[in-house]
Structure formats: C-alpha cells, structure tokens
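The values are calculated or read from the model by the stated rules, or taken from the named source; none is laboratory data. Remember, it's a predicted structure, so these values are computed and weren't measured experimentally. Reconstructed Cβ throughout: ideal geometry from the backbone, glycine too, with neighbour counts over all protein chains shown. To get the accessible areas, we keep the full protein, side chains included, count just its heavy atoms, and leave off ligands, DNA and RNA. Shrake-Rupley method; radii C 1.70, N 1.55, O 1.52, S 1.80 Å.
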Amino acid sequence: MTPQQWTYAVFGIVIVLALIFDLGLLSKKGQTISIKKALLQTCFWVALSLGFFGFIWYEDGSVMAIEYISAYLMEWSLSIDNIFVFILIFGFFKIKETSYARVLLIGILMAIVFRAIFITVGVALIAKFGWILYIFGAFLVYTGIKMFVVDQHEEFKPEENFAYRFMQKYMRISHAEPHDRFTINHNGKVYFTSLAVVVVMLAVTDIVFALDSIPAVFAISKEPLVVYTSNIFAVLGLRSLFFLLRGAVDKFDYLQQGIAIVLVFIGLKMLAEIWHFKLPVWVSLIVIVACLAGSIVYSILFQKKLPVKPEGRLED
C-alpha cells in the first residue's frame, strides 16, 4: 500500500471507532448534553483531528500535514458559523432539548454524505477543467465581501427556507408534539413531524455552507485526501461544539467578519495563481489562525450593545 492508501485506511478505521465511542458510550437517547459533557466530546474530536494531523505528517510529509490542519481550521470556523443558524432553526420549531443530540446526529451524518458527493464532483471537475478554480476564487471573494457587510444570521428566516417551504407544499407535515418521533400516523396517513423537518433543514443548511467551505478548501489543497478528511473531521465535531457554544454564540459578534476576511484572502490566493503567483501553504495557516483568533478576541473585548427601548428595557 502507498502512504496515501495507508492514510485513507487509518482514517476510515479511526472514524468508525470514534463514532462507536462517541455515540455509543458518550451519548444516550433522550439525554440532555451538559456543558461538561460537550466540552469532553469537543476535546475528544479536536484531539482526534490533531492526532490525525500528526499521522499525516509522519506518513505523507509536512506539506500535506500543514494543508490538512489549515483546511481543518477553515472548516471548523465555518462550522461555528453554522451553529448560529442551527440555534434559530431549533428555536423556531420549539424542539425539546432532549431531542437536540439525536436530530443533530442524523442531520450531520446526512451532511457528510452530501459533502462527500460534492467533493467527489469537485475533484472530477478540477481534474478536467482546471480553470474552474478561478471561478471558485471569484465566488469566495464575492461571498467574503458580502459576509463582511451583511449579518447573515439576521437575514436567515426558517419559515422562508426553501426546504421548509418545499416540505410544507408537497409533503404531509404535522405540527403536533412529535414525542421524539420523525413520523406519526393520523387517520391512516403518515405525517412527518417537526423533528423530520428540522433534520432536513439542518442538512440543507450545511449544504449551503458547503458551497463556500469546499471551494475554500480546494484553494488550500487540491489533494482529495486533505479535502475529504478535513471536512469530515470538522463536521463530525459540530454536534458537541453546538452544545458547548450554544449559550455563548452571541458573544462572538465579529467572528463572521473574521471568517469573511479569510474567505476573501483564500479567494484572492486562488485568483493569484492566474499569474503563477503561489503563496506557501504555511502563510494560509497563519492568516487563518490570526483572523479567527483576532475576531474572537475582538468580539470579547468589544461586544456589541443591544439597543435600549425608551423605557430603558433591552430589546428581546
């Protein structure tokens, strides 16, 4: 076996064992995930991702390892941005906290399947039409600028989501208490519950985010191994990260701007290759870490103040 084949094999074994451990030993149906448990699971996935970084360094060399960790951090930061939208979806459908873990799990596993399809298509397109990378670059610059100036979380309205409107129009949806079920029978007919709707919306939301994140990863590395593994590790850690950060996401007011700067940088880096100008991969890693850490620190030091009503009460 070649070094890359060994890496793929080890990756597959690690993911299967990790899922058994994380889902079988650390999770139970209908259980509320505490901050302590979420921290434990988050540390587990981050440690696993960093351990795999060390394995790639040993098996495939330092360049590919740095590409992997850069791509992973890029995906991880965009996963944090996903959490803002996930919270809005859960709140809109009034999902019970005891159902969060199960719904997130299924939604994330669906997202992984779709991402694998997108990445496979992307690899094939780049192999056949190399110029498509420049289109990706221009798209990332546009997306980054738009993200910097527009609060996408305020713009997101679950009731206007395409997936929700499609399911409402063409499928039988029940708004009754789901009792932790995805379908219910009523008068001899099968209805999808709000839990099923939320699972689909989570997967569709991640697909939309993947339209930004996957081209960004291709700008960092064109190695399918790096693109696949960084995406999957970041998405698998999203569930525990949700429970860890859901009470603090409003503290990261400027994280979106930090991510936007990274997307613009990655897009310009991709476009610069038209003139055969290529930056070392470690430069991308430094920019990603600096922008994310800087935006988080800036958010903590300079939190936005909520508008105050005339009578002195804070807006809800």
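Answer yes or no: is there a residue in region 162-170 that is among the aliphatic types (A, V, I, L, M) and either in a loop (DSSP other than H, G, I, E, B) or in contact (Cβ under 8 Å) with a residue 40 or more places away in the chain (or both).
yes
Any residue at all in region 150-160 that's among the β-branched types (Val, Ile, Thr) and either touching a Phe, Trp or Tyr at 6+ places or on another chain (Cβ under 6 Å) or at pLDDT 80 or above (or both)?
Scanning region 150-160 turns up no residue that is among the β-branched types (Val, Ile, Thr) and either touching a Phe, Trp or Tyr at 6+ places or on another chain (Cβ under 6 Å) or at pLDDT 80 or above (or both).
Give all pairs with beta carbons closer than 7 Å in which a residue from region 275-296 that is in contact (Cβ under 8 Å) with a residue 40 or more places away in the chain meets a residue that is part of a helix (DSSP H, G or I) and among the polar types (S, T, N, Q); count only pairs at least 6 apart in sequence or on separate chains.
Taking only residues 6 or more apart or on different chains, the pairs are VAL281/SER70; SER284/SER70; LEU285/SER70; ILE288/SER70; LEU292/SER77; SER295/GLN257.
Look through region 185-203, keep the residues that are of a type in the set (Val, Ile, Thr) and under 26 Å from the mean Cα position of the chain (by Cα), and return whichever of them is most open to solvent (accessible area, probe 1.4 Å).
VAL200
Would you confirm whether or not region 247-255 contains a residue that is within 17 Å of the chain's Cα centre (by Cα), under 26 Å from PHE136 (Cβ atoms), at pLDDT below 80 and assigned to a helix (DSSP H, G or I)?
yes
Is it the case that VAL197 is modelled with pLDDT of 85 or more, of a type outside the set (Phe, Trp, Tyr) and over 30 Å from PHE302 (Cβ atoms)?
The answer is yes for VAL197.
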